[in-house]
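The values are calculated or read from the model by the stated rules, or taken from the named source; none is laboratory data. Because the structure is predicted, anything quoted here is derived from the model rather than measured. Neighbour counts run over all protein chains shown; Cβ positions are idealised from the backbone, glycine included. These area figures cover heavy atoms from the full protein model, side chains too; ligands, DNA and RNA do not enter into them. Shrake-Rupley method; radii C 1.70, N 1.55, O 1.52, S 1.80 Å.
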Amino acid sequence: MRPVLHLYLKVMIKSMTGYGKAETLLENGKLIVEIRSLNGKNADIGIKSQLIPREKEMEVRQYIAGELTRGNIDLFVNWEQNAKAAARTLNRELFSEYMRQISAAIAQAGAEKETATAPEMIAAIIKIPEVLEQPRQELTGEQWNIFFATIRQAVANLDSFRSREGETLYSDVTKRVRYIESFVDEVEKYEQQRIVSIRGRILSKLEEMKVETDENRLEQEIILYIEKLDINEEKVRLRQHCKYFMETINGEAHPGKKLGFIAQEMGREINTMGSKANHAEIQKLVVKMKDELEKIKEQSLNIL
C-alpha cells in the first residue's frame, strides 16, 4: 500500500522554479504571455507590462497567488500587431502646421518656394512624434476575457513545469535522506571499536604519565567518560528526523518550509554526533552526512 502512496504523492511535490508561455491569435495581432518564477518565501508578483489595465491588476495578482502559492513571480505580456492594426493615421492639422512653419522659415531665409514642398522635407516631418498617430483601443469585456484566458494558460503551463521539476527534486532529496540513514547504520559498526579505542588512549596516557591509580575508581571514571561521549541518543533522534522528513514530503502538498526546519534539526544531531565521535571513521561518516544535508537544505529551498 505504501509504495502506491509514495508514487502518487511524488508527482504532487512541486518546485518553485518554473516557466510558462501562452499565445493567442486575434484579428489585429498576437498576444504573448510569459511567466516565470524563482525561489521566494512568499508570493512576490511583478507585472512587467502596461497592457494590463490598472483596474484588472489586482484580479491578475490574486489569481496568480492563488494558483502558484509562493515564489518570486514575474508576468510579461507582449502584443505583436499585424499589418492592419499597425497602420497609423496622419494628423493632418499637425502636419499642416509643421509645413507652414517650415515653409515660412525657408521663405524668410530667401530660398525658393518650391524647396519648401520637397519630398525630403515631407519625409522628415512625418518622422516627428505624433504626426503619425497610432489609434489607442480600449479593451472590451470580450477581449479582456480572452486576455485573461491566455494568462491562465501561461500559469497552467508554469505549474506543469513546476510539477516536472518537483519530481526531480523529490528523487534527489529523498535519495540523500536515505544516504544519511545508511551512514548512521555504518556508524554502529565502529561503536565497539570506538569504546576500545577511547579506553586504550586513557590507559596509555596514564601509563605515560606514570600515575598510580585505583583500578576500581579508574574503571568507574572511564565508564562515566565513555557515557558522556555516547551518541546513541543522537542516532535515534537523527533517524526520527529522517523518518519525519519522509513523512512530510510524502504527506503534504507544499512541504518546502517545513522540510527546511526538519533539516535544521537533522543538522543539530549530526553536529553533536561529530563533536562526540572521537573516532576517525565515524568523523568521516559525519562529514558525509553533513555534505548530504547541505544539498538537502539547498534543494529544500526550492520546494514549494
(message) So for each of 239-248, 33-42 I average, over its residues, the number of other beta carbons within 10 Å; can you give me the resulting order with the highest mean first?
(response) 33-42, 239-248
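Quick one: which of 185-194, 266-275 comes out on top by average Cβ neighbours within 10 Å, and what's the full order, highest first? Let's see the in-between values first.
On the way: 185-194: 14.4, 266-275: 18.5.
Listed from highest to lowest mean packing, they are 266-275, 185-194.
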(request) Can you send over the solvent-accessible area of ASP230, 1.4 Å probe, protein chains only, in Å² to the nearest 10? (result) 70 Å²
